[in-house]
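Engineer: I have a structure I would like to understand better, so I am pasting it below and will then ask my questions one at a time.
The values are calculated or read from the model by the stated rules, or taken from the named source; none is laboratory data. Being a predicted model, the structure only gives us computed values, none of them experimental. Using ideal geometry, Cβ is built from the backbone for each residue, glycine included, and neighbour counts are taken over all protein chains shown. Surface areas here come from the heavy atoms of the whole protein model, side chains and all, with no ligands, DNA or RNA. Shrake-Rupley method; radii C 1.70, N 1.55, O 1.52, S 1.80 Å.
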Amino acid sequence: MRDIIICETPDDVADAAADLIFESQTQAIGARGAFRIALSGGATPRLLYERLASDEWREAMNWPEWEVFWSDERAVPSEHKDSNYRLAHTTLLTKVDAANVWPMRGDASALREAADEYARTLRSRLGPGFPVFDTILLGMGADGHTASLFPGHRVLDSSALVEAVEDRTPPRLTLTLPVLNAARQVIFLVTGAEKAERVRDVLEHNDPRFPAAQVLPEEGTCTWILDHEAARLIR
Ligand code: 6PG
């Protein structure tokens, strides 16, 4: 079951996502004393991170109880313009007192070792048992990829927690489908007319060719927050 929220503009998408995240962080901290979130990369979440750093949300969230992770990372130095860590660090994390921040080591020379290292981090911070995130933020490429799970790729069948995707430029690290589908909440942020056909393939046809369609938490919620352009082909 997917929930769909259609907003007028990308700014409204950021506001709707911030509202959902506030609810989730408050519930998680009340129940477990911490809020475990995996941030996404690309361009779309920038508006959300900037919104979360604004006075309204900066003062509302319980940042010291946040445990911040990433859903994927590019194999670039953390100061590189394409780094997903850098995006969140510069727009949000330098502005709030989130003390527990766990970046993927995309700059590692040995990406598979970095994937195994991050899996150990997930087990230690989110254990015991299978790592369950309170919230995982995701985007979707026009090709239907999400995180760094690309159509037809071998890692879509992986039972590992974290995989190295070495045949992309740049190579990447990614959480796998078992981790995404174990989350209590997945939030997709998708904007722009170029995503509209794929949004229809996923939300109306549930087309398994596209990894974004394979993200459907067994017990958690899955909310797609779209702007009108990305939603223009769905009924
Ligand atoms: C990445 C992202 C990726 C992203 C989509 C959408 O590292 O590239 O995690 O999955 O969410 O490619 O990217 P845009 O938001 O830039 O359209």
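Engineer: Does region 161-189 hold any residues that are open to solvent by 40 Å² or more (accessible area, probe 1.4 Å) and either within 16 Å of the ligand (Cβ to nearest atom) or among the small types (Gly, Ala, Ser) (or both), and which are they?
Structural biologist: Applying the first criterion (open to solvent by 40 Å² or more (accessible area, probe 1.4 Å)) to region 161-189 yields 166-169, 171, 178, 184.
Across region 161-189, the qualifying residues are 166, 167, 168, 169, 171.
Engineer: Yes or no: residue 190 β-branched (Val, Ile, Thr) and touching a Gly at 6+ places or on another chain (Cβ under 7 Å)?
Structural biologist: Details: β-branched (Val, Ile, Thr): yes; touching a Gly at 6+ places or on another chain (Cβ under 7 Å): yes.
Here the answer is yes, as residue 190 does meet what is asked.
Engineer: What is the residue count in region 64-102 for residues that are assigned to a loop (DSSP other than H, G, I, E, B) and within 13 Å of the ligand (Cβ to nearest atom)? Even if it seems obvious, please write down each step before you answer.
Structural biologist: Our first condition is that a residue be assigned to a loop (DSSP other than H, G, I, E, B); within region 64-102, this holds for 71, 75-83, 94-99, 102.
Imposing the further condition that a residue be within 13 Å of the ligand (Cβ to nearest atom) reduces the set to 71, 75-76, 80-83.
Qualifying residue count, region 64-102: 7.
Engineer: Sticking with this structure for a sec: Determine which member of the set 51, 86, 105, 125 is basic (Lys, Arg) and more than 17 Å from the chain's Cα centre (by Cα).
Structural biologist: Just one listed residue meets the conditions, 125.
Engineer: Residues being of a type in the set (Ser, Thr, Tyr) and touching a strand residue (DSSP E or B) at 6+ places or on another chain (Cβ under 8 Å): count how many of those fall in region 107-120. Spell out how you get there, then give the answer.
Structural biologist: The first filter runs over region 107-120 and keeps only residues of a type in the set (Ser, Thr, Tyr), leaving 109, 118.
Narrowing the set further to residues that are touching a strand residue (DSSP E or B) at 6+ places or on another chain (Cβ under 8 Å) leaves 118.
Of the residues in that region, 1 qualify.
Engineer: For region 74-81, does any single residue satisfy the condition of being over 26 Å from residue 126 (Cα atoms), acidic (Asp, Glu) and open to solvent by 20 Å² or more (accessible area, probe 1.4 Å)?
Structural biologist: Yes, region 74-81 contains a residue that is over 26 Å from residue 126 (Cα atoms), acidic (Asp, Glu) and open to solvent by 20 Å² or more (accessible area, probe 1.4 Å).
Engineer: Scanning region 190-212 for residues that are open to solvent by less than 10 Å² (accessible area, probe 1.4 Å) and touching a helix residue (DSSP H, G or I) at 6+ places or on another chain (Cβ under 7 Å), which turns out nearest to residue 18 (Cα to Cα)?
Structural biologist: So, considering only residues that are open to solvent by less than 10 Å² (accessible area, probe 1.4 Å) and touching a helix residue (DSSP H, G or I) at 6+ places or on another chain (Cβ under 7 Å), the one nearest to residue 18 (Cα to Cα) is 190.
Engineer: Being among the charged types (D, E, K, R), in contact with a Lys or Arg (Cβ under 6 Å, 6 or more places away or on another chain) and modelled with pLDDT of 95 or more narrows it down to one residue among 23, 67, 59, 73; which is it? Break it down into steps so the answer makes sense when it comes.
Structural biologist: Numbers: 23 fails: in contact with a Lys or Arg (Cβ under 6 Å, 6 or more places away or on another chain); 59 fails: in contact with a Lys or Arg (Cβ under 6 Å, 6 or more places away or on another chain); 73 fails: in contact with a Lys or Arg (Cβ under 6 Å, 6 or more places away or on another chain).
It is 67.
Engineer: Separate question: Just to check your reading of the model, which residue among 33, 41 is surrounded by 20 or more Cβ atoms within 10 Å (Cβ to Cβ) and either in contact (Cβ under 8 Å) with a residue 12 or more places away in the chain or within 12 Å of the ligand (Cβ to nearest atom) (or both)?
Structural biologist: Answer to the check: 41.
Engineer: Of all residues in region 84-104, count the ones that are open to solvent by 70 Å² or more (accessible area, probe 1.4 Å), in contact (Cβ under 8 Å) with a residue 24 or more places away in the chain and not aliphatic (A, V, I, L, M).
Structural biologist: Restricting attention to region 84-104, the residues satisfying the condition of being open to solvent by 70 Å² or more (accessible area, probe 1.4 Å) are 86, 94-95, 97, 99, 102.
Cutting the leftovers down to in contact (Cβ under 8 Å) with a residue 24 or more places away in the chain gives us 95, 97, 99, 102.
Now restrict to residues that are not aliphatic (A, V, I, L, M): 95, 97, 102.
Residues in region 84-104 being open to solvent by 70 Å² or more (accessible area, probe 1.4 Å), in contact (Cβ under 8 Å) with a residue 24 or more places away in the chain and not aliphatic (A, V, I, L, M): 3 in total.
Engineer: List pairs: first in region 137-158 and among the hydroxyl-bearing types (Ser, Thr, Tyr), second more than 8 Å from the ligand (Cβ to nearest atom) and assigned to a loop (DSSP other than H, G, I, E, B), Cβ under 8 Å, 6+ apart or cross-chain?
Structural biologist: Pairs that qualify, where the first residue is among the hydroxyl-bearing types (Ser, Thr, Tyr) and the partner is more than 8 Å from the ligand (Cβ to nearest atom) and assigned to a loop (DSSP other than H, G, I, E, B), are 146/215; 148/168; 158/176.
Engineer: Only one of (1) open to solvent by 20 Å² or more (accessible area, probe 1.4 Å); (2) more than 19 Å from residue 48 (Cβ to Cβ); (3) within 16 Å of the ligand (Cβ to nearest atom); (4) in contact (Cβ under 8 Å) with a residue 40 or more places away in the chain fails for residue 114. Which number is that?
Structural biologist: Status for residue 114: all satisfied but (1).
Engineer: What are the residues in region 144-160 that are more than 10 Å from the ligand (Cβ to nearest atom) and open to solvent by 10 Å² or more (accessible area, probe 1.4 Å), if any?
Structural biologist: Listed by number, the residues that qualify are 151, 152, 153, 154, 156, 157, 158, 159, 160.
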